[in-house]
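Enquirer: I'd like to ask some things about the structure below.
The values are calculated or read from the model by the stated rules, or taken from the named source; none is laboratory data. A quick note: this is a predicted structure, and the numbers were derived from the prediction, not measured. All Cβ positions, even for glycine, are placed from backbone atoms using ideal geometry, and neighbour counts span all protein chains on display. Surface areas here come from the heavy atoms of the whole protein model, side chains and all, with no ligands, DNA or RNA. Shrake-Rupley method; radii C 1.70, N 1.55, O 1.52, S 1.80 Å.
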Amino acid sequence: VVALNTDESVRALKGAKRPLVPLAERAELIAALRCVDYVTSFGERDLEATLRALRPDVHAKGTDYTRESVPEREIDRELGIEIAICGDPQGSIEHAPRRAPRGRSLVSEPGPPKRYSPLALVLWLGGAFLGTICGVGGGIFATPILHYLVRVPFQTAIGTSLVLVFVMTTVATGMEATRLDGAIDWQVVLLLLTGSIPGAWIGYRVSRRIDTRTLKLCFIAVLLAAAARTWTLAVEVGQRSDRRRDARRGALRLGDRARDRRRVPRADARNRRRHPGDPGAVPDPARHELPRSARVQHGDEHRQRRAVRSRCTSAAARST
Amino acid sequence: VKAAVPFTALGVVGAVLGVWAVHLPGWSEVARIAMTVLLVFVAARLAWDVWSTRAAPEVQRGAS
């Protein structure tokens, strides 16, 4: 049986800004524990009336008390109730707001949920888009968006993100599978499914047992590993495309030179036939140093050079 | 469930756009870089959360 202070008695003990969680919600949380059979509340400053009414065998208090400092120790002694100090060393939620910067709440579990946050929806659209392009799903974005912007508890955010990712990846997989240029390797899918099914089951079981702080630490590790891999992939792909572009340019240059080597003798022979003994009939060497791609890009310059050369050739012919 | 409905609809829209864009040249590289930045940002936000809500050494007495 757990006895909780009413909101009024908490306020009387701790000040006007308390409690952070109202009695109904505290009672709901405590009642959800398997070890709890009954939840009651008391409005007095101590538990005397409740202890006299219930007369339990053991009166349990947290580690923020000692046997000597329990306020109801005299009543316990009078009624023959054993005092038990139990639980882990207690931290205090009071300290979190003191360390928090102004205007920010650093309480681990956020306040009441915001059902419709436009910013969250827009960010999620971007997250789903990026997650699909990079092939990682959207859970990496859905969980923090749901936790920090929609303000649902971390474990609920994880569960909800599983539903979101299931729906969006089903649609994306269907689209990719039906595309003519779809890129799904079904053999790899079947191979990895053998590991992912037990992995997902174990992950689900573990996530229900570990606390939010540990879950967040695991999430950070996964995010950093994914960021490192995504970054190396982006760099690798960038380098590969640079090499491909360079190779393409090199091939163009080689092809141009080969073409120019084939064309130049023919052009030289043609010019010499047309203008025998004319030194100006020899093609402009600068033209052959210019790659074809550059000639295409700088077509005007090329045409001007040709015009100048033809004028020179005509002048040389006239002077001869 | 109510929170999940608009997110599911937008997730589907994002997925459709993602499948369309992944087959366009250049988008994947940009998406990977954006993804890296966002992942590091989210990791930093979570790390800040974990650090700032670490257990306080002092204890408090009072109500249950």
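Enquirer: For segment A:206-223, does any single residue satisfy the condition of being at pLDDT 80 or above and over 17 Å from B:Leu46 (Cβ atoms)?
Expert: Checking segment A:206-223: at least one residue is at pLDDT 80 or above and over 17 Å from B:Leu46 (Cβ atoms).
Enquirer: Right, here's the next one. Select from segment A:44-60 the residues that are acidic (Asp, Glu) and part of a loop (DSSP other than H, G, I, E, B) and list them in ascending order.
Expert: Correct list: A:Glu44, A:Asp46, A:Asp57.
Enquirer: Condition test on A:Phe166, is it under 28 Å from A:Leu20 (Cβ atoms) and either open to solvent by 70 Å² or more (accessible area, probe 1.4 Å) or modelled with pLDDT of 55 or more (or both)?
Expert: No.
Enquirer: How many residues does segment A:23-42 contain that are within 13 Å of another protein chain (Cβ to nearest Cβ) and open to solvent by 50 Å² or more (accessible area, probe 1.4 Å)?
Expert: Total satisfying the criteria: 2.
Enquirer: For A:Arg11, are the conditions met, namely being assigned to a helix (DSSP H, G or I) and touching a helix residue (DSSP H, G or I) at 6+ places or on another chain (Cβ under 9 Å)?
Expert: no
Enquirer: So, B:Trp20, is that one more than 7 Å from chain A (Cβ to nearest Cβ), surrounded by 15 or more Cβ atoms within 10 Å (Cβ to Cβ) and at pLDDT below 85 or not?
Expert: yes
Enquirer: Could you tell me whether A:Asp57 is under 14 Å from A:Ala84 (Cβ atoms) and open to solvent by 60 Å² or more (accessible area, probe 1.4 Å)?
Expert: Here the answer is yes, as A:Asp57 does meet what is asked.
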